[in-house]
Structure formats: C-alpha cells, structure tokens
Amino acid sequence: MKLTGNLLIGAKEVPASEGTMKALNPATNQLIEPDFAFGGGAQVDMAANLADEAFDHYSHTSLAERAAFLERIAANLDAVTPELAARAALETGLPEAQLQGEAAKAATQFRQFADVVRKGRFLQLAIDPAQPDRQPRPRMDHRLQKIAIGPVTVFGASNFPISYSVAGGDVASALAAGATVIVKAHNAHPGASEIQARAIRKAVQESGFPEGVFSMVRGGDNTIGEALVDHPLIKAVTFTGSEQGGMALYRRAQRRPDPIPVFTEMTSVNPTFILPQALAARGAQIGDGFAERMLVNVGQACLKPAILIAIEGTGFEALRGAMIKRVSDAPARPMLTPGIHAAYLSGLDQLHSAGAKAVVEGSVATADLQGQSALLEVDGQRVLNEPALAHEVFGPAALLLKVKDEAELLAVARAFRGQLSATLHLEDGDLELARHVLPVLERRTGRIVVNAFAHPQEVSFATIHGGPFPASSDSRFTSVGMTSIERFLRPITYQGFPDALLPEALRDLNPLGLPRSVDGQ
Ligand code: NAP
C-alpha cells in the first residue's frame, strides 16, 4: 500500500492544513518517508459533523450487520498484516514478529466483539411489564436497553502501535457499541496508523455504511486533541498515555458546557509482593521471571512490573541475584520516541534523587534512543517517606524494595496509588499474610494476580484493565476485555410504547431471541 500521509476523514483524503511530519525510525534516529499531514480545528469539525451525521444510521444497524462489519475489519487487517507489521517495526523499533502477533491480536479483538454484538447481552435488556391493576396505582410498561453514547474520540496509544492504536480495543469496542469514531492517531507511528485506518475505512465502504462511521486525524501539537475534546458533537473520549496528558484532557472535558466522560488509562507500577514462604522456596525463579517481564517492550508497557517488594530473609539474596543477572544481560534497545527516551532518563534521575540506589545496569546504549536497563533498590521506610519512589518510570527499569517485616510490607502496600494490577507470589504457608494484604490491594487495583505476572494481557469477559486513579480516571470501567464496550453505552427506558414502535430487541415476541430480564427474573 502506498502511504499518502493524508488525514482520512470519512471517505475523504484530506491533505495538510497545519504542516507535516515524517515518521522517525527510533533504531536509526533517521526520518522515514512520506510526509504525514497535520490538521486542526477545521478538520476536527469536518470529522465530527460526519460522525454525527452517520450516528443515527450506524447506531441503528442490526446486530447482524454490525457484527459482519467488525468481521470485515478483522479480515482487512489480516490482509495487510505483513506490511502493517513491517511499517510498525520501522516506526517503533519493536520486533516485526512481535508486531505480527499484535496485528493478529487486533483482528481477533474485532472478531471477539462481533461475537459480543451477535449475542446481544451488552444491551442489558430489561422488561417490567405493565401492571394495570396494581394498587395503589397501576404500573406502565417499562423496557430498558443500552444504546451507544454518541460519536466518540479515541486517542491512540504510543506503545502498542496496533492493538492499543487505530485498530485497537478502544476502537473495536466503540464500534461494537454502535458509536461512530474519530481516532486521534499517535505521532509515534503515523504510517502504521494510516494502514490500519485504511483497513477500517474499507470495511465501512464494503458494508455500505455512511462515511462518517470512522475518521482518523493527526495534529502537530495539543490543539487537535483539545479541539476533539471540546467539540460539542463528541460525547465520550478514551485515552491511553501519560497521567499529565490524560488529566489535562479529562479536566478539559469537565469544563465543557456539557461535560462528557473521558476514560483515561494512565499510569501503574504494578507492584509485585513476594510473601516469605514463596521467597524461601522460589526466590531466584520469581526474580528472574519478574525481570524478564519488566524488560518486555523495552519496559514500555502499562503492565510492566516495576516494583518488587519482599521481606528481607531466606531467599532474598537468591531473588536479588537472579534479577541482577537478567538485567545485566539485557541489551540496550531503542525506545519508542525521543520524548519517551528523555522521560525515561529523567525518571531514573528522579528515582536516584529520591534515594534509590543503583544495583546494576544492562549493556550500555550504543545509539541515541536506546534505553539502558536498570535495577535499583531501596528500603521500605524510604518509600513511605518519598512517594515519588512509587511513581512509574516508563522504560526498562525496576525497583527492588526491601521491607523489614510484615507490618512494613502492609504499610508499603497502603502507600501505593491506584494500580492496573498487583501480584502476590505465595505458598500455602503465606495464606494468612495474604488475607491481610488482599483487602489493601483490592482497594488500590483493578486486578490481582497470584503466582504469575500480570503481563501479557488476556482479552476476555473477566478481564479488567483499569483501576483506581491514577491507573484510570474511572475505576468502574475497563479499557481492555469484552466489558470495555460499557464505556460507550448508556441506558434508555421506553415507557408505555406500542410493540411496533419498540426496538426489535424489546418487542413482546423477542424476535431476536436475546437474553432479557423480565420483572427482574
Ligand atoms: P502522552 O504524552 O500522554 O500522549 C498521548 C496522546 O495524547 C498523544 O496523542 C498526545 O498528542 C495527546 N496529548 C497528550 N497531552 C495532551 C494535551 N494536553 N492536550 C491534547 N492532547 C494531548 O503519552 P505518550 O506520548 O504515549 O508517552 C508519554 C508518556 O506516557 C510515557 O513516558 C509514559 O509515562 C506514559 N504512557 C503510559 C502508558 C500506560 O499504559 N501506562 C502507555 C503509554 C504511555 P501529542 O503526541 O501530539 O502530544
């Protein structure tokens, strides 16, 4: 596919209005052709109007039509996977084979959501039939279903250039809900973004849907993102990225005359607690596994285990030794963008200033944007006095946190902010302590893992990828998994409707054969 660099607004090819950029190959620090267009407020307005015009049609497509559309997107992604993975590898420095897997995962997500749409449970249909003879007053017929919230904006993530980007879970779940979508593509991978956007747009055309079902825009500074959040026709926003960026957009949306939900997925250190019996039995194995996961994607993963907490005692030196070995063997690899590389270096400086001590470093960087791996250590009391030590450093660094006893372990657990995940390594003899730690973690995280690592992420019905602030801006929802569709739905009640006017799913004879609750049963 020849990349044009245009903004893809509905079916339109929109050239630059606010300048252009080229992609950067972070492995060579060289720019790659072609020029990619930046747009501004006018292009956001064009995309939002198209998304609004398309909404009534698209949100009323049958479940079968919508599911077929999602499957077309999956097939179109399959068809471009080799060139998508190759381009994404050039733009991110991540291995091409890994990106082929990411493309397959993205296509699978669309297929999974097609299945969710066909089954119709997400509509959460509820019927409370009329009770004309009820005393002291009759009850009218009430019927509830979930409908799409309106046109939505998705900010693509930088770190997973396919499965959290233009063809990622946010877009799949929003389209499954019946929402029309405008993606703000991340400038870290513009070519990969264009390939994905064209695959989605082709499916819109093949399905005969209005062009405004999907658009992709790009900008050179914050103005395009601000225009998207401010636009009165946009009714919800999703974001994956920094706490600073996510909260700026969240606050902006709350200042609108009509505030809208902004679902941000921001920051997490995914604390990993090794309880004493597990430390004694498997210290080296856990230390090695932890460090291996910490290094995946050059540490640029939301589920990177960044802090390991263990009580000093039997097994501690074996744990520490295994971590040292794995980290010291790690080659320096290119990070995603110059900004992320610079943030990594300054994050390491901040950890050192806050009192963390260097334990070991990986191979020295031999090119500009390579991230050198690092293991640091600190004791529990220091973390209790210096909250900055428990903040995320995005990149291949981890902190080994030594606590003196169970009481200090619990105090440290209480000091963490909200997390996407927390992990406990335990043996039978640790269950009593685990029962004390669990309530502390439940209040602070969206997912608790036992005797494994939180990464990689499943995409399933029981998946939660979210958590209390600052892991996300709304701990009631997930950004990954089948229930992520709920971010784009709202309930509506139809009261006293004639059967013929009701949405099909709510009609008396249940023509779609969907699961429905009747009078709460
Ligand atoms: P980012 O700087 O927060 O940017 C994410 C997206 O939001 C980009 O498209 C960016 O546009 C836009 N944006 C950010 N702030 C904005 C604002 N105030 N107004 C309008 N638009 C705004 O995140 P990033 O580029 O992915 O990486 C930077 C840092 O994010 C990393 O160092 C890491 O700390 C964090 N991160 C965390 C996760 C996670 O899952 N925990 C994932 C990825 C990144 P521009 O690029 O045009 O500014």
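The values are calculated or read from the model by the stated rules, or taken from the named source; none is laboratory data. None of these values were measured; they are calculated from a predicted model. Cβ placement follows ideal geometry from the backbone for every residue including glycine, while neighbour counts extend to all protein chains displayed. Please note that ligands, DNA and RNA were not included when accessible areas were found on the heavy atoms of the full protein model with its side chains. Shrake-Rupley method; radii C 1.70, N 1.55, O 1.52, S 1.80 Å.
For first residues located in the range 68-82 and in the same structural domain as Ala199 (by TED's automatic domain parsing), partners that are surrounded by fewer than 19 Cβ atoms within 10 Å (Cβ to Cβ) and of a type in the set (Asp, Glu) and lie 6+ apart or on another chain with Cβ distances below 6 Å form the pairs Arg72/Glu206. Exactly one residue out of Glu102, Glu53 is touching a helix residue (DSSP H, G or I) at 6+ places or on another chain (Cβ under 8 Å), over 21 Å from Gly191 (Cβ atoms) and of a type in the set (Asp, Glu): that is Glu53. Among residues of the range 332-349 that are within 9 Å of Gly395 (Cα to Cα) and open to solvent by 20 Å² or more (accessible area, probe 1.4 Å), those with a beta-carbon under 7 Å from a residue that is of a type outside the set (Lys, Arg) and more than 8 Å from the ligand (Cβ to nearest atom) at least six positions away or on a different chain give the pairs His341/Met335; His341/Leu369; His341/Gly371. Counting only residues that are of a type in the set (Asp, Glu) and open to solvent by 50 Å² or more (accessible area, probe 1.4 Å), the range 87-106 holds 1 of them. Please go through the range 490-506 and give me each residue that is under 13 Å from Leu125 (Cβ atoms) and open to solvent by 70 Å² or more (accessible area, probe 1.4 Å), ordered by number. Residues satisfying the conditions are Pro491, Thr493, Glu504. One residue stands out in the range 170-190 among those that are open to solvent by less than 10 Å² (accessible area, probe 1.4 Å) and without any contact (Cβ under 8 Å) to a residue 60 or more places away in the chain: the one that is nearest to the ligand (Cβ to nearest atom), namely Ala185. When residues in the range 365-376 are screened for being aliphatic (A, V, I, L, M) and in a strand (DSSP E or B), 3 of them pass.
With a cut-off of at least 3 residues that are within 16 Å of the ligand (Cβ to nearest atom), name the strands (runs of 3 or more DSSP E) lying wholly within the range 219-332.
Of the strands (runs of 3 or more DSSP E) lying wholly inside the range 219-332, those with at least 3 residues that are within 16 Å of the ligand (Cβ to nearest atom) span 236-240, 262-265.
Each residue in the range 144-160 was checked for being assigned to a strand (DSSP E or B) and either under 28 Å from Pro26 (Cα atoms) or within 16 Å of the ligand (Cβ to nearest atom) (or both), and 4 of them qualify. Of the residues making up the range 193-208, those that are open to solvent by less than 20 Å² (accessible area, probe 1.4 Å) and either outside any helix (DSSP H, G or I) or touching an Asp or Glu at 6+ places or on another chain (Cβ under 7 Å) (or both) are Ile195, Val204. Taking every residue in the range 216-233 that is assigned by TED's automatic domain parsing to the domain that holds Gly150 and pairing it with any residue that is within 7 Å of the ligand (Cβ to nearest atom) and open to solvent by 50 Å² or more (accessible area, probe 1.4 Å), at least 6 positions away or on another chain, the pairs with Cβ-Cβ distances below 9 Å are Arg218/His186; Asn222/Ala248; Gly225/Ala248; Glu226/Ala248.
Evaluated against (1) of a type outside the set (D, E, K, R); (2) in a loop (DSSP other than H, G, I, E, B); (3) within 15 Å of the ligand (Cβ to nearest atom); (4) under 14 Å from the mean Cα position of the chain (by Cα), Ala167 falls short on exactly one condition, (3).
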